[in-house]
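The values are calculated or read from the model by the stated rules, or taken from the named source; none is laboratory data. What you are looking at is a predicted structure, and each value in this text was computed from that prediction instead of being measured. Ideal geometry is used to build each Cβ from the backbone, glycine not excepted, and the neighbour counts take in all protein chains shown.
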Amino acid sequence: MKCKRCRRAEAVVDLPSHHAAFCPDCFFVFFRRQVTEGIRKLRLLAPEDRVLVCVSGGKDSLVLWDVLMDEGYETEGLYIDLGIDGYSDRSKGKVLAYAASRGKTPIVVELAKEGIPIPEAARCVRMQECAICGTVKRYFFNRVASEGKFTVVATGHNLDDETARLLGNLLHWQRDHLARQHPLLPGAGEGLVRKVKPLWRVSEVETASYGFLKGIDYVTEECPMSADATSLVYKEALSRIEDRMPGTRIVFYQGFLDPSNPLRKAPDAEEDVGTPPACASCGAPTFTETCSFCRLKERVRKARSLRAGRVAG
Amino acid sequence: MIRLRFPQKKKELELPGPRRVMDLLAEAGVRPTTVIVTQGKKLLTKDQRVEDGATIDVLSVVSGG
């Protein structure tokens, strides 16, 4: 199969959803255009932004960092060590190696040192690891961005992630979540930093292909905590549909983002809520007295001391 | 035979060749939109013919959580 763009070289990536196939060089052009168009259309980033890129060692976040650097954005990487035996060391190794190859040193937050490693915290409070992980990551994304004077936080969520989330929100009629689901989550006042998902137009196959062709050495194993994640069920359903009807996913998501869609509110239409009040415990912005991270940490602390008491008794 | 390796599952499969990637995936029960297929440093399209005796890697691209 020949590349549909240059019509000379052999194609190595076929994308039925775009009725296209590309050689490596043309795929790089296509992929970067998809990302930059996604940024431009939704005004996710401005040239003067300082971008904190959250990197896990997986394909999506490393590819995102790679593209943003190549596009000339001022970026730094943030890696959160979740404290998962073996997996966290391997994924951190990939992040450090990639960063070094680009002359960068990522910011590293170690949850074990913060007193809240994910597996132990989940056991203590008897919650799903993924739910805890989300709360903890969001807290540190914002804290590191805010303290480091970054203007925006970027994550590697792709089209598959966003459509899986959309399907889940629709199936459960999560109206609040639907209203807010968007690749741009506006900041608020001085404490809450804007969050963006610049890969919203590209699929997992596309980011994996880009990473492979660019020689980015990413962690291919899945997080051992995510085996039961409900998002995987929605992804499987959507991939079955995509196999039979290529292009459905992007139509589904772009239709949802259409400003005329009454289910959701455009980010620029949201009221400016000003600087949210500070958490009574840590000072982070929150709309409750104590932020969800501090409440979680307190529950973990209590469970730990209860367990220590039982052992001592 | 063609050797299909699934590194993330630490699994291998042998199927008769030569055959196209999409036919190998269908027989292995793998949906094409969930993987990329590589042969050494080469990325293969789904209609690429794989010769008998070759080894290919089938890498899942699905991330959870």
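Observations on the structure shown:
- In summary, strands (runs of 3 or more DSSP E) completely within segment A:1-119 and bearing 1 or more residues that are in contact with a Leu (Cβ under 6 Å, 6 or more places away or on another chain) and modelled with pLDDT of 95 or more occur at A:50-54, A:74-81, A:107-110.
- Residue match in segment A:148-155 (condition: within 30 Å of A:LEU15 (Cα to Cα), touching a Lys or Arg at 6+ places or on another chain (Cβ under 8 Å) and within 13 Å of another protein chain (Cβ to nearest Cβ)): yes
- Just one of (1) closer than 23 Å to A:LEU199 by Cβ; (2) surrounded by fewer than 13 Cβ atoms within 10 Å (Cβ to Cβ) fails for A:THR105. It is (1).
Quick grid of which residues meet (1) touching a His at 6+ places or on another chain (Cβ under 7 Å); (2) in contact (Cβ under 8 Å) with a residue 24 or more places away in the chain; (3) surrounded by fewer than 19 Cβ atoms within 10 Å (Cβ to Cβ):
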{"site": "A:ALA100", "(1), (2), (3)": "no, no, yes"}
{"site": "A:ALA112", "(1), (2), (3)": "no, yes, yes"}
{"site": "A:PRO117", "(1), (2), (3)": "no, yes, no"}
{"site": "A:VAL125", "(1), (2), (3)": "no, yes, yes"}
{"site": "A:TYR139", "(1), (2), (3)": "no, yes, no"}
{"site": "A:ASN142", "(1), (2), (3)": "no, yes, no"}
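- Of the set (1) assigned to a loop (DSSP other than H, G, I, E, B); (2) small (Gly, Ala, Ser); (3) under 29 Å from B:THR45 (Cβ atoms), all apply to A:ALA280 but (3).
- Restricting segment A:210-224 to residues that are at pLDDT below 95 and facing chain B (nearest Cβ under 7 Å), the residue that is surrounded by the fewest Cβ atoms within 10 Å (Cβ to Cβ) is A:GLU221.
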